[in-house]
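J.: Below you'll find the structure I mean.
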Amino acid sequence: MNKIYLLLSLILLVSCQENKSNARANEEPKALQEKSINLGRLKGENDLVDDLYQELVDKSPELKALETELNQFTPTDTLNLYFNYDQKSSDYYRSAKNHADLITDSIMKQKILKLIADSEEKYTSKKTALKALVKTSIKNKKYL
């Protein structure tokens, strides 16, 4: 019988303690705390999602750092780097073919040209996925 009383009192004691993580989870965001109806929001002037996100950014140093990084990001520079690299690769294969054409031994020339063609084909197949990403990036540039 004493064990039952002891068990019940222990359960009562544990259940009466305030749960601090629950209090933080119940904290309502400022954007949702407005008591009256904001007519501007109904007209589309304020965006509740943007307000909630901005509140999270203000509270989180990680999100602040990400926002700063995104503001400094220039997709044009990245695309220019890609286009320069791709142009250099094209120049390389063209130059390699020109040099291979100067080889006088016909069997050696065929083998070298085959190696160059195989390498160029591998490069082309690898850059196909990159081209799709570049097209998507250019298409969605206004969102970046």
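Where a number appears in this text, it was derived from the coordinates with a stated rule and is not lab data. On a predicted model such as this, the values are computed, not experimentally measured, just so you know. Virtual Cβ from ideal backbone geometry, glycine too; neighbours counted across all protein chains shown.
J.: Tell me, what HN-Hα J-couplings in whole Hz come from the Karplus equation 6.51 cos²θ - 1.76 cosθ + 1.60 at θ = phi - 60° for each residue of the range 55-66, using x for Gly and Pro?
T.: Ordered by residue, 3J(HN,Hα) equals 5, 5, 4, 5, 8, 10, x, 5, 5, 4, 5, 5 Hz.
J.: Still on this model: Report ³J(HN,Hα) in whole Hz for each residue of the range 82-87, in order, from the Karplus equation J = 6.51 cos²θ - 1.76 cosθ + 1.60 where θ = phi - 60°; Gly and Pro get x.
T.: Karplus values, whole Hz, x for Gly and Pro: 4, 5, 5, 4, 5, 5.
J.: While we're on this one: Round to a whole angstrom and tell me the spacing of the C-alpha centers of the range 55-71 and the range 73-91.
T.: One Cα centre to the other: 29 Å.
J.: As an exercise, identify the chymotrypsin sites (Phe, Trp or Tyr not before Pro) in the range 58-144 lying in DSSP coil whose Cβ has no more than 14 other Cβ atoms within 10 Å.
T.: Sites meeting the loop and neighbour criteria: Phe73.
J.: Let me ask you something else. What's the percent breakdown of Cα-Cα distances in the range 55-98 across 5 Å bins, shortest bin first?
T.: The calculated distribution, bin by bin, is 5, 19, 12, 11, 10, 10, 8, 7, 7, 4, 3, 2, 0.
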